[in-house]
Amino acid sequence: MQNMTINTRNIILVGPMGAGKTTVGKRIAAVLDKTFIDVDHELEKRTGVSINLIFEIEKETGFRLRETAMLEELLQQDNAVIATGGGIISNEINRGLLKNSDGLVVYLKTEVKHQLKRLKRDKQRPLLQGTGRRERLLNLARIRNPLYDEVADVAFASGRTSSYGMAQKIIGFFNNPDNFKRIKKLCKNN
């Protein structure tokens, strides 16, 4: 990856569930002519079962092991937009992989009130099953938000901005080579 240009670099989206990583990622990939990959969807495709079933059988620990292997593999690709699961940063190995990748790691920040609105009909996410969603999301935010900040090269608030507007902001940042000069790790191979 030594000769990688800005245009072939990956864009890796991190942030909590309901931040819009998949929706925004698809838009970015379409505009920049990149391959879009959602880590969770890729895991489901390859295992032939839902994330919920993996959680049920292998618990969160088993799921996280699979997630790490998938992330490691996907980060080897070029010219992709990779949407990660909300908990990917809970694993120290994953944080290291993200920090050391040659891609642009983008943190989509969102407030719990926006997550609740976006996820109100969601019955698929294992960590949102049952009652007390607001409290669970607040607790996850308290723990995970500093970890997203730790791995991110840049952060954008995704609360009130449409997915189209968010994608345009990220594309604008990505297409400006001067932005890469300000990000030390992305310039290490240039």
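All of (1) closer than 16 Å to residue 15 by Cβ; (2) surrounded by fewer than 21 Cβ atoms within 10 Å (Cβ to Cβ) hold for residue 84 with one exception: (2). If the condition is being buried (at least 16 other Cβ atoms within 10 Å of the Cβ) and either farther than 21 Å from residue 144 by Cα or over 14 Å from the mean Cα position of the chain (by Cα) (or both), then the stretch 45-74 contributes 51, 54, 55, 63, 64, 66, 74. Among the residues of the stretch 95-109, those identified as surrounded by fewer than 23 Cβ atoms within 10 Å (Cβ to Cβ) and either in contact with a Ser or Thr (Cβ under 7 Å, 6 or more places away or on another chain) or without any contact (Cβ under 8 Å) to a residue 12 or more places away in the chain (or both) are 96, 109. Highlighted here are the helices (runs of 4 or more DSSP H) found entirely within the stretch 17-133 that include at least 1 residues which are of a type in the set (D, E, K, R) and at pLDDT 95 or above: 21-32, 39-47, 51-74, 92-99. Residues in the stretch 75-102 that are hydroxyl-bearing (Ser, Thr, Tyr) and under 19 Å from residue 144 (Cα atoms): 84, 90. Does the stretch 170-177 contain any residue that is more than 16 Å from residue 13 (Cα to Cα), modelled with pLDDT under 75 and outside any helix (DSSP H, G or I)? No: zero hits.
The values are calculated or read from the model by the stated rules, or taken from the named source; none is laboratory data. Quick caveat, the model's predicted, so the values are computed rather than measured. Heads up, the Cβs are rebuilt from the backbone with ideal geometry, glycines too, and the neighbour counts pull from every protein chain shown.
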